[in-house]
Structure formats: structure tokens, C-alpha cells
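Quick one: the structure is below, questions incoming.
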Amino acid sequence: MAFNQGQLKASQITAAATSADYGQAPDQRKLYDFSDRVAELMPEESPFFVYLSQVAKVATDDNIFRYLENRTVTNYTARNFSLAAAVNGGSAVSSPNLYDFTVDDGAGSAIGFLTKGMVVAVKTVDGTGGYAQALVRVESAPNVQSANTTFSGRVIELSNSNVSGYNVLADNDECQIVGTSFGEGTGSPDTFSDTIEDDFGYTQIFKTACEMTNTAIATRYRGYANEFDRIWAQKLREHKVDIERAMLFGQKARVNGVQYTEGLVGHIVKNVQPVTDDSAFSYSSGNPYYRSVAQSELTYDRLLADLEVIFDPARGGSSERLVLASLPVITFFNKMGDGAFIDASVGHANGPYRVNMNNVSGSFGHQLMEINTVHGSMFLVKEPLFRGIASGFMLMADMSKLAYRPLVGNGINRDTQIMTNVQAADEDLRKDMIMTEAGLEISLPECHALYNVEGL
């Protein structure tokens, strides 16, 4: 297909047979709201934008939109930490004695959720000799410092005396909260609270123009009588795909007065180093997951281990992921498991896995491949923009933690609009413009994941 720069003249138009299914030229000098229509146009070309605009649209009245991130589920479900120093100088402890405790989050930061009366389980041994733990009650108000938290703790009970080292509380021993315990007639306990974090994003202004001389418009052509209509339909699709690209690959920036929204892929590759070895994903607050792996090494076993982390209910995400995948990745999934992913690896009665895999129809004109695992459900959809340098991409998006943010305020809607006749007054031509001002909100980035399957 040839592309013309600038004005489209009658001499440049060639006869082309095409469908007339997409719209008519707008009336003169009017503004049209096309937000819903653009989303419905050729949904298979831009599935991410379609899903965002249909199920995750939240208007903003500020071109620098702010949003809150609530990690309460994580904070309350996964209250784990570590000893930052040996207790009792590394000597054995005993019940019901008091000892000084120093703890941190395992990475040199203090613990802020401890209160007097909490009961802590300390894993003292976990090895070939067995498992042992010590039960400790926090007996004093914790002293929260920058790098650690200290408190006086009473050893309540020690388990598995037959396991060597059961009564030694060493540096880096893992701990977790196992409730609270208070005596009869005692008063109310101390409290703690978490903070809701905030973040921000930018709206981006997208513009696409359709321009044609009045001579070209007045000329009747073979195959498609009204050439303006044909070009106009293409421009609508071009505009929608441009938004899709930004929502995927864009990176948040404000340069020389021009704003750029954050794309989900752009956010991940900017903020996270990919896992390139055999190690499993590890949780880090505020960081998504990113793996770059050769196709020969991406086994279903490895994927299932990753899904255990991605779908961890303690992280606040949903039990479903929309998986945008390149065509080679879709093909790869169907070949996975020694060429018989469906028959031998997942669905077969004699296979080692219990996973259901089905082709289903999506709500917005897409075909989906649904994979139900023990950890959660993945809905694979073909992403046409994952090609070239992105031909090995597979993006797991938690749609409950994403939002399409069009600018709407003071009676003005900046979601996709059609502006007709924007040409200069003395020009013998017609120029219409499609304009959208919107951005992508990415909350709880740790609910999303990107795979780059190398060699596809």
C-alpha cells in the first residue's frame, strides 16, 4: 500500500475495491463524540484499547491525573519479616523468659505493623532434620527505627525439641504474625495503620487528520464511489491503533510542554530488570514481573511456578489475567509440552497436569484461548502490535488494576472526538481531524507481568 504525505489530490487516487461498511463523511463544521464507535471498530486490531475503553474507563478532570494504591491485602495477609540479629547472643532460649529482639523486612528496613500483644512464630530450623519454630509474644511497645524495629519478647513455646537447633533464634530467621493474645481483664490494644500510596499519570493528546481536495471529493471512482469515506475509515483505525501503541509501549514523560502517557510494557521494561535464569519470580512491592527466556526453556512447569507468584492472593490482584500475546507466542502455547500441549500436558486423562484449555468468544469481538490453572485463569488474545522487536512478547494484565483515563471536565469531553473542516478558510479542500486526550493508569504494578520469549 502506498502512503501520501499531506493533501490527497485527485491525481493521487487509484481505483481500489473495498468495503463501504465504515461510516459516512461527517456533516459540515460539527464536533462528534466517537469514543464508543472507535472502540467498536475492528476490535481485533487493538484488543488492549478495546478492553480498556469498554471495561476500565474512568474519566479524569486533570491532565495530570492522580490515583491511590491500596496494598491493604498485602499488608495484612503477608505480614512476614526476619530477625535482624541473633537473640540472646546466639545462645539457646527458653520459655517463659524475656529477650531483646531486633527485626527488619529482610532488606534493611523497619517493621511498622508490630504492636504489644502480637504473637510471632519464628522459624528456627527448616532442613533435613525437620522443622522447628519458637512462639514469641511482643511484650513492649516496639521501637521503630529507620533500618530495624526492636522490642522485648517473651518466648512462649518451643517446638520439636528432637530437631537440632530448635531453641536457637539466629540472624535472618524468618518470622510471621500468628495473631494476638491478651490476659483476662486487660484493656484495649495498641494500634497500627497502613498508608494508602498515591501515584500519577499524564494524559496524552492524540491527533489524526484526513485531508482531501474538493476536486477529489467531487470525483466518483470505481470500486468505492466516495474516496473520502474510504480514507476516513482508515484514519479512524489508524487513530485507534496509535492509542493502542501508546498504552502498550509508551513511557511517562513531560518534555517541552508535551505529555506522554505510560504504557504497560513501557512501564515494565523501564522499571524492572528481567529474570533471565531459572530462579522463580520474587515479590517486590510496587514492581511488576518481567522474564526474558529462551523458548526452549519456557516449560509449563516453569510457567506454573511463576503463576504461583503472579496470582498470589496476598498481593491484591484478581484471579484472572488478560494475556496479550504475539502470534508466535499463541502458536508456541499450542505446541508446548513436546508438541502436544493440549493433549499430553494439560487436558489428557493420563497427562501430568490438571489444566483446562478452551477456545472461547470474547465480549468485544475477540477470540480468546482460556487456560485455567490451579492458581488462576489466563485469557490469551492475539495482539497484532506484538511483532518485530516485540514478536516474543506475552503481557499478563490484571484489568482490575488498569484504567483508561480520558480528560473530561468543565463540560468538555476530550475522549475521542471528530472535528470537521479544520482547514484554513482560503483552502479549496476538506480536512477533518480525530482527537483524543487520555492516559493509562497503572495501579499496583506488581499485579502485571511481561514475558519476552526469545527466538520466536
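The values are calculated or read from the model by the stated rules, or taken from the named source; none is laboratory data. Here the structure is a predicted model, which is why all the values come from computation and not from measurement. Backbone-built Cβ (ideal geometry, glycine too); neighbour counts: all protein chains shown.
Okay, residues lined up against (1) surrounded by fewer than 21 Cβ atoms within 10 Å (Cβ to Cβ); (2) over 27 Å from ASN70 (Cβ atoms):
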position	(1), (2)
ALA209	yes, yes
ASP229	yes, yes
LEU248	no, no
GLN259	yes, no
GLY263	no, no
GLN273	yes, no
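Considering only the stretch 8-93, give the strands (runs of 3 or more DSSP E) lying wholly within it that have at least 1 residues that are in contact with a Phe, Trp or Tyr (Cβ under 9 Å, 6 or more places away or on another chain), among the aliphatic types (A, V, I, L, M) and modelled with pLDDT of 65 or more.
Details: elements: 31-33, 64-69, 80-83.
Once the strands (runs of 3 or more DSSP E) in the stretch 8-93 are filtered for at least 1 residues that are in contact with a Phe, Trp or Tyr (Cβ under 9 Å, 6 or more places away or on another chain), among the aliphatic types (A, V, I, L, M) and modelled with pLDDT of 65 or more, what remains is 64-69, 80-83.
Tally up the residues in the stretch 275-296 that are farther than 26 Å from ARG79 by Cα and surrounded by 14 or more Cβ atoms within 10 Å (Cβ to Cβ), please.
Looking only at the stretch 275-296, we keep the residues that are farther than 26 Å from ARG79 by Cα, and these are 276-278, 291-296.
With surrounded by 14 or more Cβ atoms within 10 Å (Cβ to Cβ) added as a condition, the list becomes 276, 291-293, 295.
Adding up the residues that qualify gives 5.
Still on this structure, I have one more. Identify the residue in the stretch 196-206 that is among the charged types (D, E, K, R) and surrounded by 14 or more Cβ atoms within 10 Å (Cβ to Cβ) and, among all such residues, is farthest from ALA59 (Cα to Cα). I'd like the intermediate steps shown before the answer.
Kept after step one, since they are among the charged types (D, E, K, R), are these residues of the stretch 196-206: 197-199.
Applying the additional criterion that residues be surrounded by 14 or more Cβ atoms within 10 Å (Cβ to Cβ) yields 197, 199.
On the way: GLU197: 20, ASP199: 16 Å.
Of everything passing the filter in the stretch 196-206, GLU197 is farthest from ALA59 (Cα to Cα).
Additional query: With respect to the numbered conditions (1) at positive phi; (2) modelled with pLDDT of 95 or more, which one is the sole condition not fulfilled by GLY185?
For GLY185, the exception is condition (2).
Consider the stretch 103-124. How many of its residues are part of a strand (DSSP E or B) and more than 22 Å from GLY179 (Cβ to Cβ)? Break it down stepwise before answering.
First, pick out the residues of the stretch 103-124 that are part of a strand (DSSP E or B): 103-104, 118-124.
Next cut, more than 22 Å from GLY179 (Cβ to Cβ) only: none.
Qualifying residue count, the stretch 103-124: 0.
Something else now. Could you tell me whether GLY392 is at pLDDT below 90, in the same structural domain as THR208 (by TED's automatic domain parsing) and in contact with a Pro (Cβ under 9 Å, 6 or more places away or on another chain)? Spell out how you get there, then give the answer.
Values: at pLDDT below 90: no; in the same structural domain as THR208 (by TED's automatic domain parsing): yes; in contact with a Pro (Cβ under 9 Å, 6 or more places away or on another chain): yes.
So GLY392 does not fit the description; no.
Criterion first (within 19 Å of TYR289 (Cβ to Cβ) and either under 17 Å from the mean Cα position of the chain (by Cα) or not charged (D, E, K, R) (or both)) does MET396 satisfy it? Even if it seems obvious, please write down each step before you answer.
On the way: within 19 Å of TYR289 (Cβ to Cβ): yes; either under 17 Å from the mean Cα position of the chain (by Cα) or not charged (D, E, K, R) (or both): yes.
Spelling it out, MET396 is indeed within 19 Å of TYR289 (Cβ to Cβ) and either under 17 Å from the mean Cα position of the chain (by Cα) or not charged (D, E, K, R) (or both).
Next up: Checking ASP301 against (1) more than 12 Å from the chain's Cα centre (by Cα); (2) closer than 25 Å to ALA438 by Cβ, which single condition isn't satisfied?
(2)
Scan the stretch 389-437 for residues that are aliphatic (A, V, I, L, M) and not in a strand (DSSP E or B) and jot them down.
Residues satisfying the conditions are ILE389, ALA390, MET399, VAL422, ALA424, ALA425.
Hey, any hits in the stretch 207-215 for a residue that's of a type in the set (A, V, I, L, M) and modelled with pLDDT under 90?
Let us first name the residues in the stretch 207-215 that are of a type in the set (A, V, I, L, M), namely 209, 212.
Filter again for modelled with pLDDT under 90, leaving 212.
There is at least one residue in the stretch 207-215 that is of a type in the set (A, V, I, L, M) and modelled with pLDDT under 90.
Looking at the stretch 281-305, which of its residues are within 29 Å of GLU197 (Cα to Cα), outside any strand (DSSP E or B) and in contact (Cβ under 8 Å) with a residue 60 or more places away in the chain?
Answer for the stretch 281-305, where residues must be within 29 Å of GLU197 (Cα to Cα), outside any strand (DSSP E or B) and in contact (Cβ under 8 Å) with a residue 60 or more places away in the chain: PHE281, TYR283, SER284, SER285, GLY286, ASN287, PRO288.
Assigned by TED's automatic domain parsing to the domain that holds PHE333, at pLDDT 85 or above and either under 17 Å from the mean Cα position of the chain (by Cα) or in a strand (DSSP E or B) (or both): which single residue out of LEU380, LEU368 fits that description? Even if it seems obvious, please write down each step before you answer.
Values: LEU368 fails: at pLDDT 85 or above.
Just a single option satisfies the conditions, and that option is LEU380.
Condition check: under 30 Å from ASN287 (Cβ atoms) and exposed (fewer than 14 other Cβ atoms within 10 Å of the Cβ). Does SER193 satisfy that? If you could, list the steps in order and put the result at the bottom.
Numbers: under 30 Å from ASN287 (Cβ atoms): yes; exposed (fewer than 14 other Cβ atoms within 10 Å of the Cβ): yes.
Taking the combined requirement at face value, the residue satisfies it.
Scanning the stretch 306-324 for residues that are assigned to a loop (DSSP other than H, G, I, E, B) and among the small types (Gly, Ala, Ser), which turns out surrounded by the fewest Cβ atoms within 10 Å (Cβ to Cβ)?
Initially, the stretch 306-324 is screened for residues assigned to a loop (DSSP other than H, G, I, E, B), giving 311-312, 316-319.
Filter once more, keeping what is among the small types (Gly, Ala, Ser): 316-319.
Working: GLY316: 21, GLY317: 22, SER318: 14, SER319: 11.
Looking at the filtered set, the residue picked out is SER319.
Please count how many residues of the stretch 250-280 are touching a helix residue (DSSP H, G or I) at 6+ places or on another chain (Cβ under 7 Å) and touching a residue at least 60 places away in the same chain (Cβ under 8 Å). So that I can check it myself, show each step before the final result.
First, the residues of the stretch 250-280 that are touching a helix residue (DSSP H, G or I) at 6+ places or on another chain (Cβ under 7 Å): 250-251, 261, 263-267, 280.
Narrowing the set further to residues that are touching a residue at least 60 places away in the same chain (Cβ under 8 Å) leaves 250, 261, 263-265, 267.
Counting residues in the stretch 250-280 that are touching a helix residue (DSSP H, G or I) at 6+ places or on another chain (Cβ under 7 Å) and touching a residue at least 60 places away in the same chain (Cβ under 8 Å) gives 6.
Which residue is modelled with the highest pLDDT, if the candidates are limited to the stretch 294-329 and must be among the hydroxyl-bearing types (Ser, Thr, Tyr) and touching a strand residue (DSSP E or B) at 6+ places or on another chain (Cβ under 7 Å)? Give the steps one after another, and end with the answer.
Initial filter on the stretch 294-329 (among the hydroxyl-bearing types (Ser, Thr, Tyr)): 296, 299-300, 318-319, 326.
Those left that are additionally touching a strand residue (DSSP E or B) at 6+ places or on another chain (Cβ under 7 Å): 319, 326.
Working: SER319: 91, SER326: 94.
Among them, the one singled out is SER326.
Would you call ARG220 among the basic types (Lys, Arg) and closer than 30 Å to GLY89 by Cβ? If you could, list the steps in order and put the result at the bottom.
Working: among the basic types (Lys, Arg): yes; closer than 30 Å to GLY89 by Cβ: no.
Answer is no for this residue.
Still on this structure, please answer the following. Could you list, in sequence order, the residues of the stretch 116-142 that are of a type in the set (S, T, N, Q) and either buried (at least 16 other Cβ atoms within 10 Å of the Cβ) or at pLDDT 95 or above (or both)? Full working, then the answer.
Our first condition is that a residue be of a type in the set (S, T, N, Q); within the stretch 116-142, this holds for 124, 128, 133, 140.
Result: THR124, GLN133, SER140.
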